[in-house]
Every structure is written in structure tokens, then in C-alpha cells.
Amino acid sequence: MDVITDNLGLYADGLLGTLKICGLVAVAALLLGIVLAGFRVSPVPPLRAVGTAYVTLVRNCPLTIVLFAFAFGLPEAGVNGSYFTFGAVGLTIYTAAFVCEAVRSGIGAVEAGQAEAARSIGLTFGQSLRLVVLPQAIRAVIPPLGNVAIAMVKNSAIVGAFGVGGELYSVASTLNGARGEPALPVYSGVVIGYLVIIIPAGLLVLVAEKRFRVTR
């Protein structure tokens, strides 16, 4: 345990770095996922096709392939940026597909009469979706969205493997690879760091589920 206690500052920096990338990805993936869910239920066929193609392609593609495409494919195409940017965008693109399906299931759970009532008072599809359906749908899918968020935190370790510095996985690479510290305590510290994030996140999801539970 001396390896962990002697490098608490490094682990703390890695924890903050992981929280930073996960916070950015969570917000971006939620927004993109909601837009995609709107595409998936849209009465406009081209939008439905775009949403379906996106989810089918991305959700069935390994995250490592998505990150490879962004980290190494985009620079080859002349698009330059930091590994942090490429990693965050890749993880956002991947996570948004799962957010989309969670939100779409919530939209399907809203009674059809709600949307019909909205249309009967003159609201457009977009207005009824935004003002009537989505608020109810989001409340109904808090648990699956929480599961997506927890999976996203764990997937951030793969982002770290692609050279994104300053997060928990990179701490393990520094201590074990560069400094030669033994692997077991080094990665035990990383596991503890992820648990520090994931366990409170799970408890927060439970609280939110009880607070915003939909009464049927």
C-alpha cells in the first residue's frame, strides 16, 4: 500500500482528470443522444434513417475502433487536435448511441394520448416532443441513463489507454511503466479511484429515481 499512499497526489490528479473528461462527455452525450432519439421517432423518414444508421453502426462497433478512428484516423485526414479532444469526442459519439436508445425507450413509454393532445392544441411534432413527451420520458429512464453513465466512466479507462494524460489510467501507466512500480498496488489504487466515482454515482441515480419516479 506504500505505492498508493506515496503517490496520493498523483492519484488525486488522475481522479480529477477522469471527472473532467467524464463530466464533459456526459453532458455532450446526453444532448446528442436526445437529438438522435428525436430523429429515431421523427415522422420524417430521412431523419429516422439517419438516427437508425447512427445507432446501428456506433452501438455495434467496439469502442476501441471508434477511438482508433478519431485518435489516428482524423490526423491522417488532416484534422489535428489533442488526444484529450479526440478521446472526449470519440467517447461522446459512442456513449450517445446508448443514451439515444434509453431515451427512445422512455419516449415509447409515454402514453400516445399525450402527444395526440399536444397536436390537438396546435403544437408541432418538435414542440410536443420537447415540451410534453421528453420531460416525461427522461423521468422514466433515469435508471438506464444512470447505467449508461456508469459504463461511460469505466470506458474512460480505454480513452486513457490512447494517450490521454492526466486521468486515472494514465497514472497506472506512469507508475507501472515509467517508474517500475509493482502492478498490483498500482492498479489497486486505480480501481479504488474508479470506485470513488462510480459508487456515489450509483447512489445518486437511486436518489434521483425515487425523487422523480413516474407514478402510473
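Values as computed for the structure displayed
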read-out	value
Conditions (1) open to solvent by 40 Å² or more (accessible area, probe 1.4 Å); (2) assigned to a helix (DSSP H, G or I); number of the one not met by Pro43	(2)
Per-region count, region 106-126, residues out of contact with any helix residue (DSSP H, G or I) (no Cβ under 7 Å at 6 or more places or on another chain) and in a helix (DSSP H, G or I)	8
Odd one out for Leu16 among (1) open to solvent by 60 Å² or more (accessible area, probe 1.4 Å); (2) closer than 28 Å to Gly180 by Cα; (3) among the aliphatic types (A, V, I, L, M); (4) under 15 Å from the mean Cα position of the chain (by Cα)	(4)
Some residue of region 188-211 being over 28 Å from Leu24 (Cα atoms) and surrounded by 14 or more Cβ atoms within 10 Å (Cβ to Cβ)	no
Residues located in region 92-135, provided they are buried (at least 16 other Cβ atoms within 10 Å of the Cβ), farther than 22 Å from Gly202 by Cβ and of a type in the set (S, T, N, Q)	Ser128
Region 49-68: number of residues that are crowded, with 16+ Cβ neighbours inside 10 Å and more than 17 Å from the chain's Cα centre (by Cα)	1
Selected residue (only one of Ile93, Ile138 is β-branched (Val, Ile, Thr) and either more than 13 Å from the chain's Cα centre (by Cα) or more than 23 Å from Leu47 (Cβ to Cβ) (or both))	Ile138
Residue match in region 133-146 (condition: farther than 27 Å from Ile21 by Cα, in a helix (DSSP H, G or I) and without any contact (Cβ under 8 Å) to a residue 40 or more places away in the chain)	yes
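The values are calculated or read from the model by the stated rules, or taken from the named source; none is laboratory data. Bear in mind the structure is a predicted one, so any value in this text is a computation, not a measurement. Methodologically, a virtual Cβ is constructed for each residue, glycine included, from the backbone with ideal geometry; neighbour enumeration extends over all protein chains shown. SASA here: full protein model, heavy atoms, side chains in, ligands and nucleic acids out. Shrake-Rupley method; radii C 1.70, N 1.55, O 1.52, S 1.80 Å.
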